[in-house]
Amino acid sequence: MKKALITGITGQDGSYLAEFLLSKGYKVYGTVRRLSAPNIGNIKHFQDKVELLSADLFDQSSISQALTKSEPDEVYNLAAQSFVKASFDQPVLTGEFTGIGVTKVLEAIRSVNKKIKFYQASSSEMFGKVTETPQKETTRFYPRSPYGVAKVYGHYITMNYRESYDMFACSGILFNHESPRRGIEFVTRKITNAVARIKLGKQEKLELGNMDAKRDWGFAGDYVEAMYLMLQQDVPDDYVVATGEAHSVREFVELAFEAAGISDWEKYVGSDNPDFLRPAEVDYLIGDASKAKKVLGWTPKTSFKKLVEMMVKSDLDRVKAER
């Protein structure tokens, strides 16, 4: 039986990846930080099938201990301070967690067992102010946030360990991927949660920042399969994972209200709220995943419309249950 260790298992991607690996017959371990009550909402429905270990990306010895205990064939590093807006408020913490934390995981693997295959969660935010469209593996990075900068460090240190120590280390440059398990602070989930609450009479307005920003949005449940496929290859490499379609925040809002049966959405939405604008904006991201399609045989299965409808339905069900 193959074994995998997932950092950030309680997050959106970690929970979908754990479910996917369990379906493949893996023994799955996940790291949680030493909190008195870890947030396990995303994995509650299968918590008894995974083993949680205490570890922290700030503490390399705790990562080494988790590796020694789990003896994994594969490590998926999905833990990060992953909220772009918060990275402007906490740039040093973001750098240490999202950047230096990757080095600590790689160093722990190098000291415990160099044969472990490693996946690093890179991000389309590394492209930032894009230098070409669509963005592919060879596109120059121009990050526009402390989060993006930290992810560039994590990406290059992964590449460096691969080349310096002959380790099987891959990076997946994932474009925006959403789901009903997305954190409420992210714009997509903020929209679907607000739409559900407006529909059920619990909220009057939705305040947003830049509604013209365009993103390449996919379903997180589809994207975790690409992570898995990267570690099944004979040669480690880096891959863009994306749908190849860009949609604006405005389009997301329109579809979300439509999914809830509300046609006159404009009267409920305010935009360009300075509280929700970034100091440096990323206007347009769209990925070219042709390498992942060709080498990994991966393609996204869930359409943009289906994704939005899935998220709105989930939030409607949840808000109704709260009543």
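Considering (1) without any contact (Cβ under 8 Å) to a residue 60 or more places away in the chain; (2) out of contact with any Ser or Thr (no Cβ under 9 Å at 6 or more places or on another chain), the lone condition that residue 32 does not fulfil carries the number (2). Consider segment 55-75 and keep the residues that are touching a residue at least 60 places away in the same chain (Cβ under 8 Å) and in a helix (DSSP H, G or I). The one that is surrounded by the fewest Cβ atoms within 10 Å (Cβ to Cβ) is 70.
Here residue 316 does not qualify as in contact with a strand residue (DSSP E or B) (Cβ under 6 Å, 6 or more places away or on another chain) and either within 24 Å of residue 250 (Cβ to Cβ) or modelled with pLDDT under 90 (or both).
Pick from 128, 101: which is in contact with a Lys or Arg (Cβ under 8 Å, 6 or more places away or on another chain) and either in contact (Cβ under 8 Å) with a residue 12 or more places away in the chain or on the phi < 0 side of the Ramachandran plot (or both)?
Of the residues listed, the single one that is in contact with a Lys or Arg (Cβ under 8 Å, 6 or more places away or on another chain) and either in contact (Cβ under 8 Å) with a residue 12 or more places away in the chain or on the phi < 0 side of the Ramachandran plot (or both) is 128.
Under 7 Å between Cβ atoms, at least 6 apart or on separate chains: pull out the pairs that start in segment 184-204 with a residue that is polar (S, T, N, Q) and end on any residue that is open to solvent by 60 Å² or more (accessible area, probe 1.4 Å). Within 7 Å, the pairs are 193/184; 203/197.
The set of residues in segment 245-260 being out of contact with any strand residue (DSSP E or B) (no Cβ under 8 Å at 6 or more places or on another chain) and either among the aliphatic types (A, V, I, L, M) or open to solvent by less than 40 Å² (accessible area, probe 1.4 Å) (or both) consists of 252, 255, 256, 257, 259, 260. From the list 293, 267, the one residue that fits, being modelled with pLDDT of 95 or more and open to solvent by 80 Å² or more (accessible area, probe 1.4 Å), is 293. Selection within segment 1-22: residues that are within 15 Å of residue 53 (Cβ to Cβ), part of a loop (DSSP other than H, G, I, E, B) and not hydroxyl-bearing (Ser, Thr, Tyr). The member of this set that is most open to solvent (accessible area, probe 1.4 Å) is 8. Here residue 134 passes the criteria (1) touching a residue at least 60 places away in the same chain (Cβ under 8 Å); (2) closer than 15 Å to residue 174 by Cα; (3) touching a Phe, Trp or Tyr at 6+ places or on another chain (Cβ under 8 Å) except the one numbered (3). The residues of segment 296-321 that are touching a Gly at 6+ places or on another chain (Cβ under 9 Å) and open to solvent by less than 70 Å² (accessible area, probe 1.4 Å), listed by number, are 300, 302, 304, 307. Out of 125, 185, which single residue is among the charged types (D, E, K, R) and under 30 Å from residue 321 (Cα atoms)? Exactly one residue qualifies, and that residue is 185. Right, residue 25: in contact (Cβ under 8 Å) with a residue 24 or more places away in the chain and surrounded by fewer than 13 Cβ atoms within 10 Å (Cβ to Cβ) or not? Answer is yes for this residue. Beta carbons closer than 8 Å, at least 6 apart along the sequence or on distinct chains, pair a first residue in segment 241-260 that is aromatic (Phe, Trp, Tyr) with a second that is part of a loop (DSSP other than H, G, I, E, B) for 252/217; 257/263. Only a single item in (1) surrounded by fewer than 16 Cβ atoms within 10 Å (Cβ to Cβ); (2) touching a Lys or Arg at 6+ places or on another chain (Cβ under 6 Å); (3) not polar (S, T, N, Q) is not met by residue 46, and it is number (2).
The values are calculated or read from the model by the stated rules, or taken from the named source; none is laboratory data. Note that the coordinates shown come from a computational prediction; the quantities given were computed from them, not determined experimentally. Because the Cβ atoms are built from the backbone with ideal geometry, glycine has one as well, and the counts that use them run over all protein chains shown. SASA here: full protein model, heavy atoms, side chains in, ligands and nucleic acids out. Shrake-Rupley method; radii C 1.70, N 1.55, O 1.52, S 1.80 Å.
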